[in-house]
Amino acid sequence: MDNSTTTTETAAPTLPTSFSDVFALLMTFHALRDWLKLIVLGGALETCRRLVFGTWAAFISSFFLTAHFEENDTSYEWMMVWLAQHPAWQKAREVQISTRDYRNYDSSPAMLEGEEHTDSHFQPTRKLAYLPSFGTTNLMYFRGRRMTVTRNRQYLDEGSTHESLTVKILTRSRVVLNELLLEAKRAYTDDSKHRVSVFVPDSYNNWRTVQSRPKRPMSSIILRPEVKNMVLEDAREFLASEKWYAERGIPFRRGYLLHGAPGAGKTSLINSIAGELGLDIYVITLSKRGLDDTSLNALITDMPARSIALMEDIDAAFTHDVQRSAASSDNSDLNGGGGVTLSGLLGAIDGVAAQEGRLLFATTNHVERLDAALSRPGRMDIHIDFGLATKWQAGELFKAFYPPAAREDAKREAADDSDASETDTLLESAPATPSKQPTTLAKKDEITNLSYALRPPRLAPHVLNDLAAKFAEAVPDQEFSMAALQGHLMGFKTRPYEAVDAVAAFVERERTAAKRKAQLAQEKKDAAAAAVAPAS
């Protein structure tokens, strides 16, 4: 009998070897099949929901026209000025209250309810504007059409922000948007027609408005009439001759180099020309940290065509010792390591990609330090020398400080008081000696009810001319700057006689200070020379 035992072997389960086998295995689990059904059904429903709502949103959006405005674009300023003036903000329930002088929103100071100013000489210096608040959608109407305005703010690095504006109009026609932009631009132009905007680049190399200053009349610039009229007419003729430049293949650019003593009025002339021609000023500081050839070229390219590019104190950035190549970085950079090279500046001014249609004004106190390539014609077409004040300029500055009174104004003031003859006497003749002036002014103040501390005396033209001649005679010719003379007159804003009496002492003080400054400079120079001298 065979005692061998029979062993029963159980076959091991085989693993799925294909995707179909895996799917078939998973489908054997009933719960998983139910979950898959829910997922497919839910996905189908969500897809249908999104399709329906997306179609509905597209249908509604087809009736609206949406416009986006970015803060670094001029059109954003158009809309902000227009919105600040729109009557809808008088009834808005959520607004931003702003006293920032943003393009001079209001032509008159805002008065709060219950606030009164009894003294007419002191008025609020801030304008009050109602603006769209951030993150809020405001409903308003334009030409009978529904419009929503949303103002957004995005926080960037280093605490800076970026603002934008979204406007949606219930219309399918682009004409309505064009009408809105034209009206906003017109409001912006009317608001700024008596002001000049000054732009500077921010940390992201975008132009930003830093201030909006009143236009300065050319008559306030104490410079030889033939000089300032020549510059103004040359700039005006340039802006009107674009076709002439194009026909002759000449780049449509114009450069002016204003050089001379500090405080001679170079920047004042530029501000006045900008106001006369209705141009904005874009200030380019070559020593700005982080500015290099590429960013400088981008800044100038991003300027509008009809504008003024201002580079102040260009001598502080470049000298004739500067290398022309960016490869020589040890000598070609700006003082302080700004990164702009002379070759980069020359390329930005008149290179292939340089902006056309703009006026370039550069100022310097030391024209001899500039590289000849920078000051040659084609880059700096007109050179204007601003010297120290002449006797003629001193006299004209004095007249500008104390304008004469017209006989009609005197008679109108005298009509308000019974003692008209005393007023006429004041205007027709000067006092015999300056010491009699305070007594006469006291009588004048009693007649006009005006404080002597708030306005100068109303002098007759021939009296003012005599005082101006005495003032000019006491000022040395071409020894002091216009800024220094103005500083002296600022101390006697309402006292012309005292200003003339004190000018001799002013001259002596200035000469003493100049000698002391020259002595200190020489001592410093001698000390530096001694420090580098070889040891004996």
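Points to keep in mind about this one:
A quick yes/no check of all residues on (1) out of contact with any Lys or Arg (no Cβ under 9 Å at 6 or more places or on another chain); (2) in the same structural domain as Asp302 (by TED's automatic domain parsing); (3) of a type in the set (Ser, Thr, Tyr):
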residue	(1), (2), (3)
Ser203	yes, no, yes
Pro214	no, yes, no
Pro225	yes, yes, no
Ala240	yes, yes, no
Tyr245	no, yes, yes
Arg248	yes, yes, no
His259	no, yes, no
Ser268	no, yes, yes
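- Where a residue in segment 233-251 is in contact (Cβ under 8 Å) with a residue 24 or more places away in the chain and its partner, wherever it lies, is in a helix (DSSP H, G or I) and surrounded by 13 or more Cβ atoms within 10 Å (Cβ to Cβ), with Cβ under 7 Å and at least six apart: Ala235/Ile273; Ala235/Leu277; Arg236/Leu277; Leu239/Leu277; Pro251/Asp350
- Restricting attention to segment 127-176, the residues that are within 19 Å of Thr74 (Cα to Cα), surrounded by 15 or more Cβ atoms within 10 Å (Cβ to Cβ) and of a type in the set (Val, Ile, Thr) add up to 3.
- Cβ-Cβ contacts under 7 Å between residues 6 or more apart (or on different chains), taken from a first residue in segment 132-143 that is in a strand (DSSP E or B) to a second residue that is modelled with pLDDT under 85 and open to solvent by 90 Å² or more (accessible area, probe 1.4 Å), are absent.
- Comparison of Ala184, Ala246 shows that the only residue that is surrounded by 17 or more Cβ atoms within 10 Å (Cβ to Cβ) and assigned to a helix (DSSP H, G or I) is Ala184.
- Whichever residue in segment 63-94 is open to solvent by 50 Å² or more (accessible area, probe 1.4 Å) and over 20 Å from Ala187 (Cα atoms) and, among such residues, is farthest from the chain's Cα centre (by Cα): Phe63
- Residue count for segment 187-197, restricted to those that are among the β-branched types (Val, Ile, Thr) and crowded, with 18+ Cβ neighbours inside 10 Å: 1
- Taking segment 209-240 as the range and being among the hydrophobic types (A, V, I, L, M, F, W, C) and open to solvent by less than 60 Å² (accessible area, probe 1.4 Å) as the test, the residues that pass are Met218, Ile221, Ile222, Leu223, Val227, Val231, Leu232, Ala235, Phe238, Leu239.
- Which listed residue, of Ile97, Ile39, is assigned to a helix (DSSP H, G or I), of a type outside the set (Phe, Trp, Tyr), modelled with pLDDT of 75 or more and open to solvent by 90 Å² or more (accessible area, probe 1.4 Å): Ile39
- Residue check, Leu279 at pLDDT 90 or above and part of a loop (DSSP other than H, G, I, E, B): yes
- First in segment 66-79 and closer than 18 Å to Arg146 by Cβ and part of a helix (DSSP H, G or I), second anywhere and open to solvent by less than 10 Å² (accessible area, probe 1.4 Å) and of a type in the set (A, V, I, L, M), Cβ under 6 Å, 6 or more apart: Met79/Leu165; Met79/Ala184
- Under the condition of being under 18 Å from Gln355 (Cβ atoms) and polar (S, T, N, Q), the residues counted in segment 271-318 number 6.
- When residues in segment 42-64 are screened for being modelled with pLDDT under 80 and not in a helix (DSSP H, G or I), 1 of them pass.
Rundown of residues vs (1) open to solvent by less than 60 Å² (accessible area, probe 1.4 Å); (2) at pLDDT 85 or above; (3) within 27 Å of Leu388 (Cα to Cα); (4) part of a loop (DSSP other than H, G, I, E, B), yes/no style:
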| site | (1), (2), (3), (4) |
| --- | --- |
| Leu269 | yes, yes, yes, no |
| Ala274 | yes, yes, yes, no |
| Ile300 | yes, yes, no, no |
| Ala309 | yes, yes, yes, no |
| Asp330 | no, no, no, no |
| Val340 | yes, no, no, yes |
| Ala354 | yes, no, no, yes |
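The values are calculated or read from the model by the stated rules, or taken from the named source; none is laboratory data. Quantities reported herein were computed from a predicted structural model and do not represent experimental measurements. Reconstructed Cβ throughout: ideal geometry from the backbone, glycine too, with neighbour counts over all protein chains shown. Calculation scope for accessible area: heavy atoms of the full protein, side chains included, ligands and nucleic acids excluded. Shrake-Rupley method; radii C 1.70, N 1.55, O 1.52, S 1.80 Å.
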